[in-house]
Amino acid sequence: MASVASESSHAWNARRHATATSARLRRWADRPWVAAALLGTTSLCISAALSVARWPMPAVHDEFSYLLAADTFCEGRLTNPPHPHWQHFETFHVIQQPTYASKYPPGQGLFLALGQRITGRPIAGVWVETALATVACYWMLLGWTSRRWAAVGGALFAVHPSYQLYWGQSYWGGTAALLAAALVFGAALRMRWRCRAADAVCMASGAVLLAVTRPFEGFVFCLLTGLWVLSHYLRRGLPGDWRQFVVQTVAPQAAVLGLGMGALFVYHQAVTGDPLTFPYAVHERTYGQSPLFIGRQPSPPPTYRHAMIEKFHSGWELDWVRRQQSLAGWLQTKWRFIAYDAEFFFPGLLGLPALLLAATPLRRGWGRATPALVISLASFAISLAAIWNFPHYAAPTAPLLLMAVVAGLRRADVMARRRFGWRFLVVGFAAIQVLLFAAKAVDHAARPVFGWWAERAAIQDQLEATPRRHLVFVEYDASHDPNAEWVYNRADIDRAKVVWARKMDPASDASLARHFADRTVWLVEPDARRLRRLSSEQ
């Protein structure tokens, strides 16, 4: 009897504790501003703590290119003049002519520049964009579901392993486009029923941010979302008279879009000399061979000055094209991308609610989540026409996938209450997801730091710790992997403490050394893992 009484007491205490916890969560979830501040602050603290535990090092070509953009903006410039010896500094995803700049749109670079300017660390900008994306997703969900379920979605985003450990701890983006898409779709949810200038400004701001982060995917996403809103207007009429619609919806959107596109054209003019020419297009004309979409033929190979750059564009990139030239190869490649993306967007338990929603009989439908699911599936299907389908390319659909998770979880909660009398399914689900995230975070922090990027960073730190300035020539073996690139530099090359340069012919190398006559000259051979000094400062 005593044992039974003890077990009953423990069960009652556990139930009371769960009830009290649930009540506290409901109280803050019922106050949107409090919930938004708490979610954003939590996400920011998680991102910062993860970086402190294991400081992010750039390792992928794209990351170095975005860091160049950030450094350029921190110098107070939109771009940089070409260096007199620019041939030694050619590298991936960077243009050297007509100006020295990243090939990518400026959005991610602006966030990194914000972090670099405020804290001296570009990664702090990623913390900010992750926190803003968390709040934006919460705000988007508020336009679709109750405050409590929106808070659940925001909390699940804040502890999403892929968004925090991958996008949130690297420099090549994803979260900025996600933030933009949440603004666009959150505004679309509200604009169907009301005319408010704030909603129009949010939608237009999100569209501009998509244009400066993921232009193609952002255009597709905005087009599909706009068609959905337009179809609603055609079926049910405008939310107000046409004058109110023009003043509070059309005019604010036109103003924001005009300013945003104007700023982008100014950026293009500064970088490429043509307001309508993207730096990406200049880069592809200069170095690229691979088409961006299936069905197009590779471009004739340009003249390359460096074997590794040729190896990357003629080998690694074209290999992806060749794999997808047949239907079987295309299906096999796309299936691998789909499997990888599914694991990325639905890690841990997050795939279960989405599967439950997807398994719902067609006669019952997907409820109010149907437009989000249709838009996300259509966006992803269109993206399959591209050669590459990495997760950050699909970032604009991520908020809608979060909506699918919340919709499935809400349906599971209703089923659990009606059939089994379970009241704490959501709390238990969230607790398990938090534990899984914590386990991944601990593994992330404990993982040893090794690789070519760590060796390069160690040499950079070692040389920067000396009072002298340095010029480092880089020489690769023929077998070198072009994805392991060492030659990346600051925006102002001549003022940088350490300058990395490709070793070319003796005359060119001697000319570069004379240009940097006040520097100690080194030669690094990454494949031999050897660093040796060629000359001392004069």
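A few remarks follow.
- Subset of segment 491-502 [assigned to a loop (DSSP other than H, G, I, E, B) and buried (at least 19 other Cβ atoms within 10 Å of the Cβ)]: Ala491
- Test for Ala369: is it over 20 Å from the mean Cα position of the chain (by Cα) and in a helix (DSSP H, G or I): yes
- Segment 262-281: number of residues that are farther than 14 Å from Gly107 by Cα and of a type in the set (Ser, Thr, Tyr): 2
- Of all residues in segment 171-189, those that are modelled with pLDDT of 95 or more and not aliphatic (A, V, I, L, M) total 4.
- For Ala484, the requirement of being in the same structural domain as Leu349 (by TED's automatic domain parsing) and buried (at least 17 other Cβ atoms within 10 Å of the Cβ) is not met.
- The helices (runs of 4 or more DSSP H) located wholly in segment 241-292 that include 1 or more residues which are at pLDDT 95 or above and of a type in the set (Ser, Thr, Tyr) occupy 251-272, 279-287.
- Only one of the listed residues (Ala431, Ala507, Ala446) is modelled with pLDDT of 95 or more and over 23 Å from the mean Cα position of the chain (by Cα). That residue is Ala507.
- Options Leu141, Leu132, Leu67; residue that is under 15 Å from the mean Cα position of the chain (by Cα) and farther than 24 Å from Met308 by Cα: Leu132
- Residues being surrounded by 13 or more Cβ atoms within 10 Å (Cβ to Cβ) and either hydrophobic (A, V, I, L, M, F, W, C) or more than 26 Å from the chain's Cα centre (by Cα) (or both) - total across segment 287-301: 5
- All positions within segment 226-274 that are under 28 Å from Val212 (Cβ atoms) and in contact with a Cys (Cβ under 6 Å, 6 or more places away or on another chain): Phe245, Gln248, Thr249
- Answer from Phe345, Phe337, Phe278, Phe293 - the residue that is in contact with a strand residue (DSSP E or B) (Cβ under 6 Å, 6 or more places away or on another chain), among the aromatic types (Phe, Trp, Tyr) and in contact (Cβ under 8 Å) with a residue 40 or more places away in the chain: Phe293
- Selection count, segment 437-459, where residues are assigned to a helix (DSSP H, G or I) and surrounded by fewer than 16 Cβ atoms within 10 Å (Cβ to Cβ): 8
- Filtering segment 508-519 for residues that are crowded, with 19+ Cβ neighbours inside 10 Å, part of a loop (DSSP other than H, G, I, E, B) and in contact with a His (Cβ under 9 Å, 6 or more places away or on another chain) leaves a non-empty set.
- Test: residue in segment 186-199 that is more than 18 Å from Ala407 (Cα to Cα), charged (D, E, K, R) and without any contact (Cβ under 8 Å) to a residue 12 or more places away in the chain: no
- First in segment 524-536 and over 17 Å from Trp453 (Cβ atoms), second anywhere and modelled with pLDDT of 90 or more and among the aromatic types (Phe, Trp, Tyr), Cβ under 8 Å, 6 or more apart: Arg532/Trp522; Arg533/Trp522; Leu534/Phe473; Leu534/Trp522
The values are calculated or read from the model by the stated rules, or taken from the named source; none is laboratory data. Just so you know, these numbers come straight off a predicted model, no measurement behind them. When we count neighbours, we look across all protein chains shown, and the Cβ atoms used for this are built from the backbone with ideal geometry, even at glycine.
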